[in-house]
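Everything on this sheet refers to the single structure shown next.
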Amino acid sequence: MNLNRDLLLRLKFISMLSACSSRATQKEVSNAIGISRTTASKYINGAFLPSTKRAAELSEEISQMCSLEQLLKDALNSGVLPYPEALNATARNFSLVMWASLELAERVKELEFEKILTVEGGGAVVGSIIASLTNVELVYGLRNVYVEEGFVEKLSKGASKYSSFMAVPKGALAKGERLLIVDDVMFTGRTVSALENTAEGARCRVEGIAVLATRGSTGLRKFKDRKLFYLVSL
């Protein structure tokens, strides 16, 4: 899968700079990577962007002082995640989701897929970022919506069809299409299973599963035979 490398490197640097400023002051971060605080602020606010080469160099500097994995673990343990869709109002937190999604996009580049299948909410945020970088279509399932003319998959046995299932509009998926399933945080794997079953119901092929993080071993065991990509596991 081809990635828009220029866009990825620039976005990654800005998200790294913003996310790391949540652990240290912007002045401390800018001093550590050799740029002025004013320049750092302009980068974060989108006033201008560094060149691709410069973005790659600065990203390497930031990675020496700030760990994506640790930031994600801290966010998960503090309860900030797994609800990144609610973080849009807080640029600092959204930058972490952006950085993590960009990293995940790099990890799945070995796969060949035509569409990304995700779920409304946090998964859609992560999926939309990866879809933009890979230039593929994003299809997302809906919870708590009854779609009579579509593929419907219950999230749990015995649940009401009006309260707990996954629905993808008919025609969104075509037979034989290769899919990447994306979600934010995987706990038991129930949501991912619903997406997987929906894909199989549409006679599509699941090439892999990508999530920002996993909690516990249930989901890992459930998809041990799949190509599963994740950044951290708790």
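The values are calculated or read from the model by the stated rules, or taken from the named source; none is laboratory data. None of these values were measured; they are calculated from a predicted model. Ideal geometry is used to build each Cβ from the backbone, glycine not excepted, and the neighbour counts take in all protein chains shown.
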*Determine whether the range 154-172 contains at least one residue that is of a type outside the set (Ser, Thr, Tyr), crowded, with 20+ Cβ neighbours inside 10 Å, closer than 25 Å to Lys109 by Cβ and modelled with pLDDT of 85 or more.*
no
*Going through the range 184-234 one residue at a time, which ones are part of a strand (DSSP E or B) and among the acidic types (Asp, Glu)?*
Asp184, Glu207
